[in-house]
Amino acid sequence: MNFNTLLKELNFPEGPVFDHSGNLWFVEIKGGNLSCWDGQNLERFDVGGTPNGAMVDREGNIWFCDSERGEIRIFKPVQNSFETVCNSTLDGKRLIRPNDLIFDNQGNLLFSDHADGRQEPIATICVLPAGGHQAKVISKNKYFTNGLALGGDGKTLVFSETYRQQLWKASWDSLKLELHHERIFAKTGGAPQGPDGIAFDENENLFVTVFNDRRVNIYSPQGVLLDSMQTRGNRPTSCAFDPSGKRGLVVTEAEHGEILSFPDFGKGLPIFYG
């Protein structure tokens, strides 16, 4: 599969997302930056922490997980300012290491808190209700939760459990804020690493970056492996589709610090903007 290199010499890129003007936002985990590329120029914003996944809302603000500070934060480009919106769950426990995040069709924010659960099942999936400041735990007892994606109807959630080399699928109730019928969607990757960031294409095939395995897997809606493509580096971390279709699937890769574009894949499934 042909690909183009969009950016090089990045410091552990992850969390790509396109804003409403077509700018590509992503984080540089080891650089502590939230970064924006307009197709020509790269601008970096020091977050004063360790950013992970990123997402854009309807107003163009960038929401991101800060795993060092244990917070969900917002960057407002117009004001050039940061705001913390959540650092605890409803039972008063602090977030540990939030990792990746998406909005649902009601404006709720779903996110993974991997909690460094490599060797024990302490990772969770949480939801921050729209307008709220404390998160509800909706899935627990996992080993390093990671990327999340919602189907087009907003009712099917898929998420990565990296250190069990598997993807979970569940039914999401965005009104009651409940996750039901969790089941294994697919096994992917080899120990000790596994699936990282994920994204749906227009046909709801799931694209999965496999960390430390130099590849992106493609699964059918039924969880059948359809294809696999290699990246140049060994550490693809996350992926997103360009809504314009121009750059197709965009993949962040941490070993060489690159962002790659696979233009032949076109547009993905539209995401929710909160």
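Some notes on this structure:
- Mean-position separation - Cα centroids, the range 82-98 and the range 33-78, in angstrom: 17 Å
- Phi angles of the range 106-118 translate, via the Karplus equation with coefficients 6.51, -1.76, 1.60 and θ = phi - 60°, into HN-Hα couplings of 10, x, 6, 10, 9, 8, 9, 10, 6, 6, 6, x, 6 Hz per residue; Gly and Pro are given as x.
- Under the Karplus curve 6.51 cos²θ - 1.76 cosθ + 1.60, θ = phi - 60°, whole-Hz ³J(HN,Hα) for the range 188-204, x wherever Gly or Pro sits: 8, x, x, 4, x, 8, x, x, 10, x, 9, 7, 8, 8, 5, 9, 6
- In a reduced charge model with +1 at each Lys and Arg Cβ and -1 at each Asp and Glu Cβ, the chain shows a dipole moment near 480 debye about its Cα centre.
- Burial ranking of peptide ranges 251-264, 39-52 (average Cβ count within 10 Å, highest at the top): 251-264, 39-52
- Residue order, fewest to most surrounding Cβ atoms within 10 angstrom, among Leu110, Leu101, Leu269: Leu269, Leu101, Leu110
- Rounded to the nearest Hz, the phi-derived 3J(HN,Hα) couplings of the range 29-38 under the Karplus curve 6.51 cos²θ - 1.76 cosθ + 1.60 (θ = phi - 60°) are 4, 7, x, x, 10, 9, 10, 10, 10, 9, where x marks glycine and proline.
- Counted charge near Asn52, where neighbours are those whose Cβ lies closer than 15 Å (Asp, Glu -1; Lys, Arg +1): -4
- Charge context of Ser238, other residues only, Cβ under 10 angstrom, K/R +1, D/E -1: -4
- Scanning residues 5 or more positions from Ser139 or on other chains, those with amide H under 5 Å from its amide H are Ile125, with H placed 1.01 Å from N in the peptide plane.
Every number in this text was worked out from the coordinates using simple rules, so none of it is lab data. These numbers come from a predicted model, not from an experiment. Cβ: placed from backbone, ideal geometry, glycine included. Neighbour counts: every protein chain shown.
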